[in-house]
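Scroll down for the structure; my scribbles are underneath it.
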Amino acid sequence: MPLVTVDITDAVATLTLNDPDRRNAMNLDMCDEVDAALTEIENNTNVSALVVTGAAPAFCAGADLGHLGDSAEEGLLAIYEGFLRVGRSPLPTIAAVNGAAVGAGMNLALICDVRLAGESAKFDDRFLQIGIHPGGGHTWMFQNITGPQAASAAILFSEVLNGREAERVGLVHRCYADDELLPAAQEMAARTGNAPRDLVLRTKQSMQEVQAMTSQRAAMHYELGPQAHSTRQPAFQEKLAALKARISKK
């Protein structure tokens, strides 16, 4: 049985972690399958966005740390690849968190561009509970998404958040009834198909680049080149002509 499945519909690839008996915990084999699946998805020019979810009942129950071996650093970096590969994708990414997201499973959600949750989602930091320091950039991602107070409550004080509570603290963009979650994520992702794929990917790249900038002026000058480039593309010229035609009829 494959540890990862992929469905492509309406310019959206849905990647599902598919090891429900182990609650989709990441091991090295799953990491390899995630990498192979994403490479194939990204090479498909008909795909403009990615949704990541897990086979019920969990999203991802963390990482299998039985692979650490003699070098903890190398073993940790190897298992990180399960979520880091998603973070490196040039495609816009949505995590559809449909159950427990624990430890490294939380990292998989945090590294996506947008997080949506079902009501039965459970965000369980658990690093300190099992006697291990948070890793994979977890503390940085969490604090940058929610701010330090919500991150501290989860990381230091082991507060577990369900979907509604995660929405309240800003960890997820929106919470849905469980049966509405995946269709909502796919519908949101499909909106990227309204724009040229190259423009979508370049815009995501720009958003990542400007995060480190300290002023609106610096961001403006960075965006100037790609924005000017987009005005010269056929898609923009066609939409501009259509807009002018509609205005002239009024």
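For the range 28-67, how many residues are surrounded by fewer than 18 Cβ atoms within 10 Å (Cβ to Cβ) and outside any helix (DSSP H, G or I)?
6
Can you tell me which residue in the range 157-181 is surrounded by the fewest Cβ atoms within 10 Å (Cβ to Cβ), limited to those that are within 20 Å of THR139 (Cβ to Cβ) and among the hydrophobic types (A, V, I, L, M, F, W, C)? Spell out how you get there, then give the answer.
Filtering the range 157-181 down to residues within 20 Å of THR139 (Cβ to Cβ) leaves 157-161, 165-166, 169-172.
From what's left, among the hydrophobic types (A, V, I, L, M, F, W, C): 157, 160-161, 166, 169, 171-172.
On the way: PHE157: 9, VAL160: 15, LEU161: 24, ALA166: 27, VAL169: 18, LEU171: 26, VAL172: 26.
Among residues in the range 157-181 that are within 20 Å of THR139 (Cβ to Cβ) and among the hydrophobic types (A, V, I, L, M, F, W, C), the one surrounded by the fewest Cβ atoms within 10 Å (Cβ to Cβ) is PHE157.
Is it fair to say ARG164 is in the same structural domain as ASP10 (by TED's automatic domain parsing), more than 23 Å from ALA37 (Cβ to Cβ) and of a type in the set (Lys, Arg)?
Against the criterion (in the same structural domain as ASP10 (by TED's automatic domain parsing), more than 23 Å from ALA37 (Cβ to Cβ) and of a type in the set (Lys, Arg)), ARG164 qualifies.
Hey, does the range 116-126 have a residue that's of a type in the set (Asp, Glu), in the same structural domain as THR14 (by TED's automatic domain parsing) and farther than 23 Å from ASN27 by Cα? Talk me through it step by step, then tell me what you get.
First, the residues of the range 116-126 that are of a type in the set (Asp, Glu): 119, 124-125.
Okay, now just the ones that are also in the same structural domain as THR14 (by TED's automatic domain parsing), so 119, 124-125.
If we keep only those that are farther than 23 Å from ASN27 by Cα too, we end up with 119.
Taking every residue of the range 116-126 in turn, at least one turns out to be of a type in the set (Asp, Glu), in the same structural domain as THR14 (by TED's automatic domain parsing) and farther than 23 Å from ASN27 by Cα.
Can you tell me which residues in the range 231-250 are assigned to a helix (DSSP H, G or I) and modelled with pLDDT under 80?
So in the range 231-250, the residues assigned to a helix (DSSP H, G or I) come out as 231, 234-248.
Scanning the range 231-250 gives LEU240, ALA242, LEU243, LYS244, ALA245, ARG246, SER248.
Considering each residue of the range 126-156, count those that are touching a Gly at 6+ places or on another chain (Cβ under 9 Å) and either of a type in the set (Lys, Arg) or farther than 22 Å from ARG85 by Cβ (or both), and give that number.
Final tally of qualifying residues: 5.
Just to be sure, is ALA150 out of contact with any helix residue (DSSP H, G or I) (no Cβ under 9 Å at 6 or more places or on another chain) and surrounded by 12 or more Cβ atoms within 10 Å (Cβ to Cβ)? Explain how you work it out, then say what you get.
Numbers: out of contact with any helix residue (DSSP H, G or I) (no Cβ under 9 Å at 6 or more places or on another chain): no; surrounded by 12 or more Cβ atoms within 10 Å (Cβ to Cβ): yes.
No, not satisfied.
Please specify each residue of the range 88-121 satisfying the condition of being charged (D, E, K, R) and farther than 17 Å from MET188 by Cβ. Steps first, please.
Going residue by residue through the range 88-121, those that are charged (D, E, K, R) are 88, 113, 115, 119.
Hits for the range 88-121 are ARG88, GLU119.
The values are calculated or read from the model by the stated rules, or taken from the named source; none is laboratory data. For clarity, every value in this text was computed on a predicted model and none was experimentally measured. Reconstructed Cβ throughout: ideal geometry from the backbone, glycine too, with neighbour counts over all protein chains shown.
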